[in-house]
Number of protein chains: 4
Amino acid sequence: MIKIGIIGAGRIGKVHLKSITNNVPNAVVKAMADPFMNEETENYVKSFGVEKITKDYKDILSDPEIDAVMVCSSTDTHAAISVEAIKAGKHVFCEKPVDHSIEKIQAVADALEGTNLKFQVGFNRRFDHNFAALRKAVDDGRIGDPHIVKITSRDPEPPNPAYIKVSGGMFLDMTIHDFDMATFLVNSDVDEVYVQAAVLVDPAIGEQGDVDTAIITLKMANGALCVIDNSRRAAYGYDQRAEVFGSKGMVTDWNDTVSSAIVLDENGLNGEKPLFFFLERYMQSFTAEVCQFADAIENDTEVPVGIHAGMQSVKIALAAKKSLEEHRPVKLSEI
Amino acid sequence: MIKIGIIGAGRIGKVHLKSITNNVPNAVVKAMADPFMNEETENYVKSFGVEKITKDYKDILSDPEIDAVMVCSSTDTHAAISVEAIKAGKHVFCEKPVDHSIEKIQAVADALEGTNLKFQVGFNRRFDHNFAALRKAVDDGRIGDPHIVKITSRDPEPPNPAYIKVSGGMFLDMTIHDFDMATFLVNSDVDEVYVQAAVLVDPAIGEQGDVDTAIITLKMANGALCVIDNSRRAAYGYDQRAEVFGSKGMVTDWNDTVSSAIVLDENGLNGEKPLFFFLERYMQSFTAEVCQFADAIENDTEVPVGIHAGMQSVKIALAAKKSLEEHRPVKLSEI
Amino acid sequence: MIKIGIIGAGRIGKVHLKSITNNVPNAVVKAMADPFMNEETENYVKSFGVEKITKDYKDILSDPEIDAVMVCSSTDTHAAISVEAIKAGKHVFCEKPVDHSIEKIQAVADALEGTNLKFQVGFNRRFDHNFAALRKAVDDGRIGDPHIVKITSRDPEPPNPAYIKVSGGMFLDMTIHDFDMATFLVNSDVDEVYVQAAVLVDPAIGEQGDVDTAIITLKMANGALCVIDNSRRAAYGYDQRAEVFGSKGMVTDWNDTVSSAIVLDENGLNGEKPLFFFLERYMQSFTAEVCQFADAIENDTEVPVGIHAGMQSVKIALAAKKSLEEHRPVKLSEI
Amino acid sequence: MIKIGIIGAGRIGKVHLKSITNNVPNAVVKAMADPFMNEETENYVKSFGVEKITKDYKDILSDPEIDAVMVCSSTDTHAAISVEAIKAGKHVFCEKPVDHSIEKIQAVADALEGTNLKFQVGFNRRFDHNFAALRKAVDDGRIGDPHIVKITSRDPEPPNPAYIKVSGGMFLDMTIHDFDMATFLVNSDVDEVYVQAAVLVDPAIGEQGDVDTAIITLKMANGALCVIDNSRRAAYGYDQRAEVFGSKGMVTDWNDTVSSAIVLDENGLNGEKPLFFFLERYMQSFTAEVCQFADAIENDTEVPVGIHAGMQSVKIALAAKKSLEEHRPVKLSEI
């Protein structure tokens, strides 16, 4: 039984607490820390049988019984806490992005060097049933050599303007998932990025120096071409699709809905909207990623999403920012 | 070049005139007859290059240049004209149903006996791209031995009450196509029929002694079971689907629409209604059936829908009527 | 917090144990009983925090802290245990069918008379996301007055021959779910049943006096017509679909799959099979039904599937058996 | 009755001959010219009742009875013949592209200046049932303000290498249809083009200085962003899809297939490939575009695809070539 400490009791920390307790057979949450831990949260956490509840994450790092930590704190603390945890000899599952700074991510990579510790980044979408099926089709050779990757990623609603400011911009906050998806689907790094973007959803986003609509072209290291289209607001819900086209065919998917029911009446055919909220859409993936993390620890095998992926996705995001600013294609080697 | 005479210049006669002229490469319409031929119709027919236009169909039967006739007159004249045409040595394409009376259909079969003439019944739906694909899947063994056949056949609007009276009732007028489809899809005659029916669409239909909604169970001679569901009125248009389930799998289809466009908005997914009008839905099949008729003549091969099919469908319809009246399963051998 | 005792630690008892513990917020499993309780099962049950584990279900009935029991024992004990539980003042959730005998179900109904206890039957499919959406469309008036109900229910594999013998036959064992679904979808009892059935899957089933393929027509009390098609073996998995057609339109659904991925290659379009195993397909519904049971207790409201539904489904099944034997439509009033 | 002369009796000239004769009610083909007219072609043309058959297109231009000409000759003669025809007072339907040179297209525009003649460019895909439905959804405001346009356009097979050389390259030969589609779908010109392309299908294409796989980003004049993905070879057939996303929702489509039949078996769900050959896929659009041309002449209304569209598409293609060469975004104003 792997003993886990969760650092950060916000939304995603609670998601992991519940899914580990209910659905990860070889792991148990022993401790949970949050600087803002209050009575309500404490009671909630206790109801899952967590033994140690604290405001100080160092209590977790110093606990010799804890095998692994989930870093679910605010983004700006991910890298530092990860390094501390590694130094304390803990396996680490770190929410995405590891950091906005290449240097800080590199510091985590350096800390890992020479240890036998597992470090997994929380790119949960790789574990989504639909996207995992796409990758499997590629791995199984069903589409031949990949030529074109297409990712549609549209949020149901923009974040509030205050968040936009601290988010690092759309590419580091939202598209970073898609950058990781691109590398995942065809198992390749990225060479070059070009961005065409605009403010079409909300002028307030533009006023903060960010964009809300984008088409991003990637040249993959394996020669494939990739395009991502993003919007901060899809009126019909959360739109998350991908397609991989290759020498032998293509594989594509469709959004999940609550049910498959369709009504046919004098107005035509009417089906349901995609699931609106990311926790509905991706709940299964949050469980699956931690199951694989626990298995990697138990069997001493490679984690499915390591520090290289954490670094690559941020590099692509930074190249995208530069492409937007300089209005030209930008090589990842420039970052 | 097969020279064709069309008897009957109503809606379906005109459909054949146009499709033969434009799309049947080895046939030409040389003559057209209708007792109510007027100037407008005559001009229309002439525009297709038809040489002989007449009020008397006997002018066609006596024309030695005519190879084949299309019997598109009113249903009560189909059998008699077919017999005359056969006696005049013409191949015959007869619209469905051949007649409502078993005896009259038998008379046509008797007339054909010993001749080498082709006789095809106008069950056009067999030639529809979707239904033909279902049959092909069955023939190719993709579903194994057929166990269950399901046919959904719902009209967009009921006929006017006056027509109901002379139609012979829903089973002879509308379901007859579905009876033929059942025998076609699994290439088998029918043993037994059971009807559960109701008047749910329009009480006026009930007042004329007919039904407008039905579920009809068939026991096929090859052991498969079949169910047909009928309604005289589907608010969303013409609903024409089928499914064949067997030991290895199943094949099913969906209705045709004008386009494949779907809109996703805050109300969900919205697609188009099925094509509403039978001439839109089945136009391609009207051409295909005559192409095969012409080919059967040219190559002296079997027609795809012969007098046996014409007889079988009417027998099933009469058994269905009897089942409705006597509220019990009825064997075809009782008819 | 509603305290629940589960009677029967077989497959479905364990399903309820897990789903109540993890997903029913206002209920907790306090006790579990099974005459064959062994160490392995005991350890499994304990891991969910169950306090009392026993071989004798009477230990549960006599525990004053227990509010409600789940009757998950073998079918032949459902009715008797239910009556005992009611007499002990417990709310009851009883797996389907309540019994094969009308008299024994009536005894349960009689026991309930005059009490304020909740009694729910485990027709879980009503709570399935797809079927619930169909019913909601009907309730919302989107299809108008229901005219035709179609239910497709095909198992992935036949039960083993030994089970066939004790199962009560296909109608009581398998179709009973579909009978309940018919009454659920249009919220109506059934008037009359007609069965056309065959042995097409496995002669061994026929040798035990049962059938494996059937088309069953129901005349609903509200005038609608219904057809169910059953097979004991669908090569492609578990096929569970329904359609309701009415005066304003229709609503239909499709099977669930693991993912929405489709591959297009030189062989055409390839998508996934339906989920194969009923526990995969219906897991969400097992949680939903117990949530509603717990809510009905907490709020003293009506249960969603009461003893009337438990009785109705068995009556339809018995009428179906009679129809098959006597080869004629059978009224429910004859049962 | 509009009298039409067709210049060029190649594949597309014959398509127009057949579709005008059979399906355009207010037009008739009176003359057909081709420098390589041979007996076989002459007989074919005659069978459609064409009166004048000639090797010299000037015979058509000088015929005072001819109202309009279809320019279906080789691309390098489109512009010159169009100018001659305009000077002869004929309405002109010119196959795409008008020319590869901006100057020559401008010469056609200049010739039209001050006349009341109709000039239509053969961008038939605008008239395709699916793409027309997408535009209609946009026009009807169903998706709000357009933000993102996505066009997938993949050919079933690359042209032979010899043709590549004279084709002007993929952008002028193949993508030009997609450039026009982009402007059509959101009714806007283009401001800027960026190309990321590769040779992934066939090295022989690269040896001729062309590409076979591309992702092309367009910034539309109305602010929307557009992306086109192209491949010269889709193993599964002709892939022609588009999607328009906007402030209120999105509209998307799917490829046409021969039938809607799907087989479900132990290997999953199997449906048909898209139609393979462009003449199958787009036949209906070839008729529709000429119907609208004839109507524009008859009613003296605007043609649906005028010289501006002919110019715009070529400008975008030339900007795309420049972007590929210089590896940077290129403004249309640079062309």
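The values are calculated or read from the model by the stated rules, or taken from the named source; none is laboratory data. What you see is a predicted model, and the numbers here were worked out from it, not measured in a lab. Cβ sites come from the backbone with ideal geometry, for glycine too, and all protein chains shown count toward neighbours. For accessibility, only protein heavy atoms count, side chains too; no ligands or nucleic acids. Shrake-Rupley method; radii C 1.70, N 1.55, O 1.52, S 1.80 Å.
C:D140 accessible area, nearest 10 Å², 1.4 Å probe?
Its accessible surface works out to 90 Å², give or take rounding.
Got a sec to turn the phi values of region B:271-278 into Karplus ³J(HN,Hα) couplings, 6.51 cos²θ - 1.76 cosθ + 1.60 with θ = phi - 60°, whole Hz, x for Gly and Pro?
3J(HN,Hα) across region B:271-278, in whole Hz: x, 7, 5, x, 3, 8, 9, 4.
Provide the solvent-accessible area of C:W254, counting protein heavy atoms only and rolling a 1.4 Å probe, rounded to the nearest 10 Å².
Only protein atoms counted, so the area is about 80 Å².
Tally Lys/Arg at +1 and Asp/Glu at -1 over every other residue whose Cβ is under 13 Å from the Cβ of B:M311; what's the total?
On the way: positive: B:K96, B:K104, B:K315; negative: B:D99, B:E103, B:D110, B:D180, B:D189.
So the surrounding residues net to -2.
Given all pairs of different Cα atoms, what value in angstroms does the Kirkwood hydrodynamic radius of region A:21-112 take? Write down the numbers at each step before the final one.
Values: mean 1/r = 0.0717 Å⁻¹.
Averaging 1/r across every pair of different Cα atoms and inverting gives 14.0 Å.
Below 10 angstrom from the Cβ of B:K273, what's the summed charge of the other residues (Lys, Arg +1; Asp, Glu -1)?
Numbers: positive: none; negative: A:D265, A:E266, B:D239, B:E272.
Every neighbour counted, the sum reads -4.
For chain D, what log10 I(q)/I(0) values come out of the Debye formula at q = 0.15 1/Å, with one point per alpha carbon and no solvent?
-1.33
Please give me the summed charge of the neighbours of B:G49: other residues whose Cβ is under 14 Å from its Cβ, Lys and Arg +1, Asp and Glu -1. Show your work: numbers first, answer last.
Working: positive: B:K3, B:K18, B:K30, B:K46, B:K52, D:K46; negative: B:E42, B:E51.
In short, +4.
Within 10 Å, count the other beta carbons around each residue, average over each peptide in C:159-166, B:71-78, and list them highest first.
Values: C:159-166: 13.2, B:71-78: 20.6.
Top of the packing list down: B:71-78, C:159-166.
Peptide B:208-215: average number of partner chain Cβ atoms within 10 Å per residue? Walk me through the numbers on the way to the answer.
Numbers: counts 0, 0, 0, 0, 1, 6, 3, 11.
Average per residue, whole number: 3.
Using only Cα atoms, what is the ratio of the radius of gyration of region D:1-158 to 2.2 N^0.38 Å? Before the final figure, lay out the partial values.
Numbers: Rg = 17.6 Å, N = 158, 2.2 N^0.38 = 15.1 Å.
Working it through for region D:1-158, the quotient is 1.17.
Output the relative contact order of region B:25-69, whole-number percent, from Cα pairs under 8 angstrom with separation of 6+ residues.
45
What does the structure give for A:130-141 when I average, per residue, the other chain Cβ atoms found within 10 Å of the residue Cβ? Intermediate results must be reported in sequence, preceding the final value.
Numbers: counts 4, 2, 3, 8, 5, 1, 2, 6, 0, 0, 1, 0.
Average per residue, whole number: 3.
Would you check the accessible area of A:R328, probe 1.4 Å, heavy atoms only, in square angstrom rounded to 10?
Accessible area, nearest 10 Å²: 70 Å².
State, in square angstrom and to the nearest 100, the accessible area buried between chains D and B, both chains counted, probe radius 1.4 Å.
Details: alone 15240 and 15260 Å², together 28590 Å².
Chains D and B together bury approximately 1900 Å².
What FRET efficiency comes out for the pair A:A109/C:N23, r = Cβ-Cβ distance, R0 = 41 Å, nearest 0.05? It would help to have the intermediate numbers written out before the result.
Values: r = 39 Å, r/R0 = 0.96.
Between A:A109 and C:N23 the formula returns 0.55.
Report the residues of region A:83-99 in range of a label on A:D139: point 7 Å along Cα→C-beta, backbone N strictly under 14 Å from it.
Zone members listed by number: none at all.
Using the structure shown, list the pairs from D:K136/D:K219; A:K321/D:K315; B:K150/C:K315; B:K150/B:K219 with a Cα-Cα distance above 18 Å, or answer none. Intermediate results must be reported in sequence, preceding the final value.
On the way: D:K136/D:K219 22 Å; A:K321/D:K315 29 Å; B:K150/C:K315 26 Å; B:K150/B:K219 12 Å.
Over 18 Å apart, Cα to Cα: D:K136/D:K219; A:K321/D:K315; B:K150/C:K315.
Per DSSP H run of n ≥ 4, the term is -39500 (n - 2.57); total these for the protein assembly as shown, divide by its residue number, and report the mean residue ellipticity at 222 nm rounded to 500 deg cm²/dmol.
Details: 44 runs with 494 residues, N = 1340.
Rounded to the nearest 500, the figure is -11000 deg cm²/dmol.
Relative contact order for chain B: what percent, with Cα pairs under 8 Å and sequence separation of 6 or more?
Numbers: 688 pairs, mean separation 65.8, N = 335.
Normalised by residue count, the contact order of chain B is 20 percent.
Just to confirm my numbers, what's the Cα centroid distance between region D:93-167 and region C:24-65 in Å?
72
Just to verify a number: FRET efficiency for C:L279 and B:N222, C-beta to C-beta distance, R0 = 25 Å, to 0.05? Display every interim value, and only then the final one.
On the way: r = 36 Å, r/R0 = 1.43.
Using R0 = 25 Å, I get an efficiency of 0.10.
In whole angstrom, how far apart do the alpha carbon centroids of region D:283-299 and region A:169-241 sit?
Here the answer is 41 Å between Cα centres.
Using R₀ = 22 Å, calculate the FRET efficiency as 1/(1 + (r/R₀)^6) where r is the Cβ-Cβ separation of B:V258 and C:E266; round to 0.05.
Once rounded, the FRET efficiency stands at 0.15.
Packing-wise, with mean Cβ within 10 Å as the measure, how do B:315-322, D:97-104 rank, highest first? Spell out each step's value before the answer.
Working: B:315-322: 23.6, D:97-104: 18.9.
Top to bottom by mean Cβ count within 10 Å: B:315-322, D:97-104.
Restricting the calculation to Cα positions, tell me the Rg (one decimal) and the Dmax (whole number) of the protein assembly as shown in Å.
Over the protein assembly as shown's Cα set, Rg and Dmax evaluate to 35.2, 108 Å.
Determine, for region C:1-86, the count of lysine pairs separated by eight or more sequence positions (or lying on different chains) whose alpha-carbon distance falls under 14 Å.
8
In terms of solvent-accessible area of protein heavy atoms at a 1.4 angstrom probe, what is the ranking of C:K96, C:K58, highest value first?
Details: C:K96 40, C:K58 100 Å².
Descending order: C:K58, C:K96.
Amide H of C:A242: which non-local residues (sequence gap of 5 or more, or other chain) have their own amide H closer than 5 Å, using H built in the peptide plane?
Result for C:A242 returns C:T152, C:D253.
Would you please give the residues with an amide H less than 5 Å from that of D:A235, counting only those at least 5 places away or on a separate chain, with H modeled from the backbone geometry?
Here A:G249 satisfy the definition.
Apply the Karplus parameterisation 6.51 cos²θ - 1.76 cosθ + 1.60, with θ equal to phi minus 60°, to every residue of region A:301-315 and state each ³J(HN,Hα) to the nearest whole Hz, in sequence, with x for glycine and proline.
10, 5, 6, x, 9, x, 5, 4, 5, x, 6, 4, 4, 6, 4
Through the Karplus equation 6.51 cos²θ - 1.76 cosθ + 1.60, θ set to phi - 60°, convert the phi angles of region A:198-213 into ³J(HN,Hα) values in whole Hz; use x for Gly and Pro.
Coupling constants for region A:198-213: 7, 9, 10, 8, 8, x, 4, 5, x, 5, 8, x, 10, 10, 10, 9 Hz.
Please give the average number of partner chain Cβ atoms lying within 10 Å of the Cβ of each residue in B:233-242, rounded to a whole number.
On the way: counts 2, 10, 12, 12, 4, 0, 3, 0, 2, 1.
Shielding by partners across B:233-242 averages 5.
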